[in-house]
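The values are calculated or read from the model by the stated rules, or taken from the named source; none is laboratory data. This one's a predicted model, so the numbers in the text were calculated from it and none came from an experiment. With ideal geometry, Cβ positions are generated from the backbone for all residues, glycine too; neighbour counts draw on all protein chains shown.
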Amino acid sequence: MPLSKLEASVEINRPIADVIAFVDDNTNDPMWQSSVLESEKRTDGEPTVGTVYYIKEKFLGRVIEQEWEVIARNADGSSWSAKSTTGAFPMEATMKFEGDAEKTTIKRTLSIDVGRFFKVASPVVGHIAKRELDMDFANLKELLEAGA
């Protein structure tokens, strides 16, 4: 049973180039994404269409391991989409960055198909996932505005 798309946004008082660089570095993921236990880039080079990541995370008490592939990306990294290619349930994420030399707004959209994993509790799963997205952006804002 697919969930509606979940959306979150945040404004960060840092230049857009700094924010994109921090988010592009997957080794930072566990610092700002509360569910991420491990994040590994499996392909060489700068992030681009076809780049693959392995993510190990904990959600609702379950450890979930997935590979994600970048399926679209602007040359400057200001917009990208990725989808899970393995794991318990299909997911797709989009990030859009807008800003200038002083501040950046990030918008994230996440689509999750809970399928058999959380079928009975899908409204609860959606609520928890939305709360997690909001908390992750609060973490990101705090880290970047503190000079990370």
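Given the criterion modelled with pLDDT of 95 or more, loosely packed, with under 14 Cβ neighbours inside 10 Å and charged (D, E, K, R), identify the matching residue among E142, E69, E65. Going through E142, E69, E65 in turn, just one is modelled with pLDDT of 95 or more, loosely packed, with under 14 Cβ neighbours inside 10 Å and charged (D, E, K, R): E142. Exactly one residue out of T85, T27 is surrounded by fewer than 15 Cβ atoms within 10 Å (Cβ to Cβ) and over 14 Å from the mean Cα position of the chain (by Cα), and it is T85. Total residues in the range 1-23 satisfying the condition of being out of contact with any helix residue (DSSP H, G or I) (no Cβ under 6 Å at 6 or more places or on another chain), surrounded by fewer than 16 Cβ atoms within 10 Å (Cβ to Cβ) and not small (G, A, S): the figure is 4.
Of all residues in the range 13-22, none are touching a Phe, Trp or Tyr at 6+ places or on another chain (Cβ under 7 Å), in contact (Cβ under 8 Å) with a residue 40 or more places away in the chain and over 16 Å from W80 (Cα atoms). Here S111 does not qualify as in contact with a helix residue (DSSP H, G or I) (Cβ under 7 Å, 6 or more places away or on another chain) and surrounded by fewer than 18 Cβ atoms within 10 Å (Cβ to Cβ). Would it be correct to say that E57 is modelled with pLDDT of 95 or more and touching a strand residue (DSSP E or B) at 6+ places or on another chain (Cβ under 8 Å)? So E57 does not fit the description; no.
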